[in-house]
Amino acid sequence: MTLLDDFELIAGPPPLEEYLQLRKDAGLSQKTRQQGAGALAGSWFFCHLRETASGRTVAMGRVIGDGGWCFHIADMATLPEFQGRGLGRLVLDTVVAHIRETAPENPYITLIADPPGRRLYEQAGFTEINPSRGMELPWVRP
Ligand SMILES: CC(C)(COP(=O)(O)OP(=O)(O)OC[C@H]1O[C@@H](n2cnc3c(N)ncnc32)[C@H](O)[C@@H]1OP(=O)(O)O)[C@@H](O)C(=O)NCCC(=O)NCCS
């Protein structure tokens, strides 16, 4: 019995509504349809897991990348009732494998680790970026 008996691993983005809903249900910040459409169309790689029985998208992750050397993993999310079963790790391993198999040697693979994902990422071999640190530019309404 493996995860793939119950779930289908799909290379590509989920439907827009399911993408937005999965972000919301996983507790991530909500995005507009316009923002979501850009994420779906503009990612370098996307994968998601669909529960075979219901057809629902239950987990996802994606890579924003230049195809050369810079690859940023984003939108790692699993529906709360499906967490702790290895789906996040399967998604993470899939996106990392795709980068390793497709990108030129020595890709720079990054992510911003929110607390719920930290152990997962550490177990998969990610380390803190030292002495650099991630920064953001807060949005100010013009
Ligand atoms: C981060 C997130 C995507 C992880 O997804 P997930 O599907 O729960 O991930 P996994 O099931 O692969 O791993 C989670 C835990 O379950 C454990 N696990 C995996 N398979 C298991 C199994 N069969 N039985 C018991 N535990 C298991 C893992 O070891 C891990 O435990 P740990 O955190 O104590 O190390 C999910 O928690 C989430 O969506 N969080 C909210 C959104 C968020 O913050 N996303 C991260 C943005 S950076």
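Only the coordinates and a few stated rules stand behind these numbers; no lab work does. Everything quoted here is computed from the prediction, not taken from an experiment. Neighbour counts run over all protein chains shown; Cβ positions are idealised from the backbone, glycine included.
Numbers for the structure displayed
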{"item": "Matching option when the condition is closer than 21 Å to Tyr19 by Cβ and among the β-branched types (Val, Ile, Thr), among Thr127, Thr78", "result": "Thr78"}
{"item": "Some residue of region 125-137 being part of a strand (DSSP E or B) and at negative phi", "result": "no"}
{"item": "Residue match in region 64-75 (condition: under 19 Å from Pro15 (Cα atoms) and more than 13 Å from the ligand (Cβ to nearest atom))", "result": "yes"}
{"item": "Gly55 vs. criteria more than 9 Å from the ligand (Cβ to nearest atom) and within 18 Å of Gly134 (Cβ to Cβ)", "result": "no"}
{"item": "Unique residue being touching a Phe, Trp or Tyr at 6+ places or on another chain (Cβ under 7 Å), within 9 Å of the ligand (Cβ to nearest atom) and of a type outside the set (Gly, Ala, Ser) when the list is Leu28, Leu22, Leu111, Leu40", "result": "Leu111"}
{"item": "Among residues of region 77-107, those that are loosely packed, with under 13 Cβ neighbours inside 10 Å and more than 14 Å from the ligand (Cβ to nearest atom), counted", "result": "6"}
